[in-house]
Amino acid sequence: MPPTDKAAAAQRIQELYKDDIDMMVILLASLTTLGNAEFLDLCKVWGTTVFGSPAEKPYLERVLAGRSASAAGLGVEITTGSAAATTVLPPGPSSGAPAPKRLVDSVAELHYKNNKDIVELHFSNSKESYVDVAGMVVKRIRFWAETAMKYAVGKHRGRAPSPLLVSGLVKTGKSFTLENVVPAVVAEVLRQQGGEGPFMGMVVLRLNGVELYRQKGATAMLRSLLEVLLSWVREEHVPMREGALEAAEDAKGTTSLSLLGHTIRRFLKAVEVPVLVLCDEVQNLFLPTINGKLDVDGAAYIRDSFMKPLLLYGSRTMLWCMTGSSMAQTWISLADMPPNGYPLITGASAVHIPATYSPEHMSLAWELLKGSNPEVELDPKLLELCPPSIALLTILVDDWIFEACPEDVAAFVREFMRTKLIDESLKEWKLGLEAMPLSQRLAVLDLAFPDVGARIDMDLHPGLRRFLAPHLDRKKDGRYYYFRDSYQRQIVRLLFNKDGTLRESWSSLEFSATLMQLDMCLNLLRLGEAAHHLLGPHTSHRWEHEQPPDGMDEFEAKLQAIADKTATKLASDQGGVVGLGPQELWERQSWFQKVLSSKWNDRDRAKSKVYKQARCSHLAMLVFYLRLSRNVLAHAKPWDQESDIPVDVGVIEALPRVLGQSLFEFNEVIVDALRVLSRPTMAVATVEIHAQLSGSGGSSIEDLTDDEGSSDGSSGAQRDGSSGAQRDSISGAQRDSSSGAQRDGSSGAQRDSSSGARRDSSSGARRGGSSGAQHEGSSGARRGGSSGARRGGSSGARRDSSSGAQHDSSSGAQRDGSSGAQRDSSSGARRDSSSGARRGGSSGVMAMPDQCPPVCPGLAAGCGQHGPLVNTTGRHRVWGQGGLRAATLAPRLHVQHSLFAPSAAKGLRLPW
């Protein structure tokens, strides 16, 4: 291509005279002395007549060799662009110092395949395939580049082009995209412009926050950054305005943080060629430390007074693109910048790398990996056991090959997930959330449960919201969100304790199942609870007298579709046997008998004959099977190495295998069913299954060991007596327009009468006493001699002012006299007569109807069996300014739930 600027001309001369250094030096020295008009005259002949011909070298020697080269070894002034700014080339071995390497000459070229989901990156001596579903990543980068170059020309725009953030969750390929795809797309845009405009001759500046010395505070970190920039200018021969190098050198010895920051910003503005800045591990720029702790004042200066003006008001021909291993921290830092002038959080562009890919795209990536490693036979188990992430699969395969292809692939993958994926995930979330209020960590935890979810508009920091929103789906109600990606949901559950603290270690048993299997385990368990509550054998009578909750019809339709498909499969597999009803078909299956015969289902097995007539349809049998599966899955303890109760993968895989679906597909079906149900509905389902389902092998609640109950001897309430709700916040509902409770007439609780307890008395227990305690010698929580928290002879609560919550147009409660709380008095515990516990009582269990002792340890909606707290808003609905509450209405039973590790923290008042 004929040269159109001096940088390209210098590059061409170096190519022509690579074997004649002396002549190269002479010609380059002469080239730098040409004015704009002279250079254009040179190019008219050079580019249109002699370029690429035998006359090219003689012509250059005739025109350029005779010019003065007296400035050899010194900075040579040239004019660039319409502004005719004075530019000084850094001193080199001669005046003909090499021109900086142009972006278009140093990065890969993009080649688009017939498959619209694959882009090939062609490097000088190799090529790599990049899976980009529907080309969305490349399209977004191209749009940013074109827009940035367009606005850079406009004089009316008072700020620099918007920075681009390559954002994504852990191990999604952010760094590869930044280092290879972004510069290739920008170079393609430049080529399409024909070498014209203010961005011609663009060079690349690559920064990495890991390489900066930040352990001695912000001053040392900026000095380290300045040294990196000076090295880049010298090594890449980047042209600078006169005096910029000297000023930067003089500032290196200063101890003034503000002077260093000012010098760096001026230094970057003095670069006389357009620059694409690729900054990896950008979060480190916001985290200078001293003695291992955050340099708070220095970090504030970096964020507010250095990074914001650098990105917003820097050079118009400098494009910033950033990513990092902790994008949560990066987005939080952008959101915390002062809003004056122009808020960067709203102006930054972003390309969000997907975390999960379809099975078809995973298979496509697998074939590409096999093609790029023809000398190795890849084990298919690598694909089978890997989460549905192409970036993870690529790293997994590379590590497996590097480790000499170990035969025990399952053990290799377990160790990989534990040491690579989980460790990096911990760093991601720890950096972003460690300094945040507890409410933020609990809100992120709630996002890991499709049946719970979180209000991102109220519960999340604005930076976290911007970071996570592209990776979330909405529940049917449109208010609550949850993580879309199954393995990312499970990563969050593994990283967090039930109290919102971050874990530091894991047992090997926790990785005995894949992340997908663990996620489906929880979802299947919650599906069983919801199905039993809404469609169980006695529910038809219930819904004759109560208003069915929102989403119930859609939920039933989704389960009916699963039941119909299962029925078709079962009927086709009977080998000619005809005339079998639904119950006979299901009971002939070995996978059905496996859960039915489990020791955790002995009561259900004994009672199964009683309800035979109620299970005359495939839907009824599906609901029964889900209930049985729930009981088995609820007793796994993968976090407890000594108990040695891993997740039963056979139960998880049974239905998908029958239906001929992958775990990924069936898990999505489950999540799609759970998302249509509201939080109050799922909360009531948890309460009911705790109270009614048998899952403890026939043992009663009193048979459980001390280890399975409350560690402090106060079942149903922590030591300070706050069971099911914090002392100052309402259990099962937020104080203002919350889940499970409306402000004036709510499901679960009224504003002035908490679910399970009045505002001045905790759920299941008064402020000064234990839940389930007797008062004045009463059994359980009697008043007037009635057992099980009776009042006036009714079990649990009177019908006309009943337990739960009055309906009053709210879900999860009877219309006229509902369970949980009366409109004018507290549920379970009135101000002066607590149901389940009276002031000063002893420990026991929460009062329940006599015929349904709460014996089944099960999963509360939230972190495993430990229904997580979620933050409530303050009076003005500001995130993090309310108290903590339970994500469910589940009572605190005298058992300890399993499946995920309990927290070691003792000080928090938790509802389980």
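Residue-by-condition table, conditions (1) over 19 Å from GLY173 (Cα atoms); (2) among the hydroxyl-bearing types (Ser, Thr, Tyr); (3) part of a helix (DSSP H, G or I):
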| site | (1), (2), (3) |
| --- | --- |
| ASP399 | no, no, yes |
| THR419 | no, yes, yes |
| ARG465 | yes, no, yes |
| ALA469 | no, no, yes |
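Within segment 545-566, which residues are more than 37 Å from the chain's Cα centre (by Cα) and surrounded by 14 or more Cβ atoms within 10 Å (Cβ to Cβ)? Matches in segment 545-566: GLU546 only. Summed over segment 266-293, the residues that are touching a helix residue (DSSP H, G or I) at 6+ places or on another chain (Cβ under 7 Å), aliphatic (A, V, I, L, M) and within 16 Å of SER175 (Cα to Cα) give a count of 3. The set of residues in segment 113-148 that are among the aromatic types (Phe, Trp, Tyr) and outside any helix (DSSP H, G or I) comprises PHE123, TYR130. Being closer than 22 Å to TYR625 by Cβ, modelled with pLDDT of 90 or more and touching an Asp or Glu at 6+ places or on another chain (Cβ under 9 Å) is not true of ALA685.
Within segment 292-314, residues that are hydroxyl-bearing (Ser, Thr, Tyr) have Cβ atoms under 8 Å from residues that are assigned to a helix (DSSP H, G or I) in these pairs: TYR301/ALA218; TYR301/LEU257; TYR301/SER258; TYR301/GLY261; SER305/SER258; SER305/GLY261, counting only partners at least 6 apart in sequence or on another chain. If I go through segment 491-527 residue by residue, how many of them are among the β-branched types (Val, Ile, Thr), touching a helix residue (DSSP H, G or I) at 6+ places or on another chain (Cβ under 6 Å) and under 19 Å from MET682 (Cβ atoms)? Final tally of qualifying residues: 0. The residue pairs whose first member lies in segment 450-474 and is without any contact (Cβ under 8 Å) to a residue 12 or more places away in the chain, whose second member is among the small types (Gly, Ala, Ser) and surrounded by fewer than 21 Cβ atoms within 10 Å (Cβ to Cβ), and whose beta carbons are closer than 9 Å, counting only pairs six or more residues apart or on different chains, are ARG465/ALA335. Could you please let me know if ARG441 is surrounded by fewer than 22 Cβ atoms within 10 Å (Cβ to Cβ) and either part of a helix (DSSP H, G or I) or under 18 Å from the mean Cα position of the chain (by Cα) (or both)? No, not satisfied.
Of the residues LEU509, LEU522, LEU494, the single one that is in a helix (DSSP H, G or I), within 20 Å of the chain's Cα centre (by Cα) and modelled with pLDDT under 90 is LEU494. Checked against the criterion of being small (Gly, Ala, Ser) and over 28 Å from THR177 (Cβ atoms), segment 412-434 contains not a single residue that satisfies it. May I ask you to verify whether GLU434 is over 15 Å from the mean Cα position of the chain (by Cα), surrounded by fewer than 17 Cβ atoms within 10 Å (Cβ to Cβ), under 29 Å from VAL131 (Cβ atoms) and not hydrophobic (A, V, I, L, M, F, W, C)? It is false that GLU434 is over 15 Å from the mean Cα position of the chain (by Cα), surrounded by fewer than 17 Cβ atoms within 10 Å (Cβ to Cβ), under 29 Å from VAL131 (Cβ atoms) and not hydrophobic (A, V, I, L, M, F, W, C). In segment 366-391, the residues that are under 19 Å from PHE176 (Cα atoms) and at pLDDT 90 or above reach residues that are among the charged types (D, E, K, R) and buried (at least 21 other Cβ atoms within 10 Å of the Cβ) with C-beta atoms within less than 7 angstrom, at least six apart or across chains, in these pairs: SER389/LYS171; ALA391/LYS171. Can you tell me which residues in segment 250-264 are exposed (fewer than 13 other Cβ atoms within 10 Å of the Cβ) and assigned to a helix (DSSP H, G or I)? Once the filter is applied, which keeps residues that are exposed (fewer than 13 other Cβ atoms within 10 Å of the Cβ) and assigned to a helix (DSSP H, G or I), segment 250-264 yields only ASP250.
One line per residue, one yes/no per condition, for (1) over 25 Å from the mean Cα position of the chain (by Cα); (2) exposed (fewer than 14 other Cβ atoms within 10 Å of the Cβ):
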residue	(1), (2)
VAL153	yes, yes
GLU196	yes, yes
VAL204	yes, no
VAL210	no, yes
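The values are calculated or read from the model by the stated rules, or taken from the named source; none is laboratory data. Here the structure is a predicted model, which is why all the values come from computation and not from measurement. Glycine also receives a Cβ, built like all others from the backbone with ideal geometry; neighbour counts cover every protein chain displayed.
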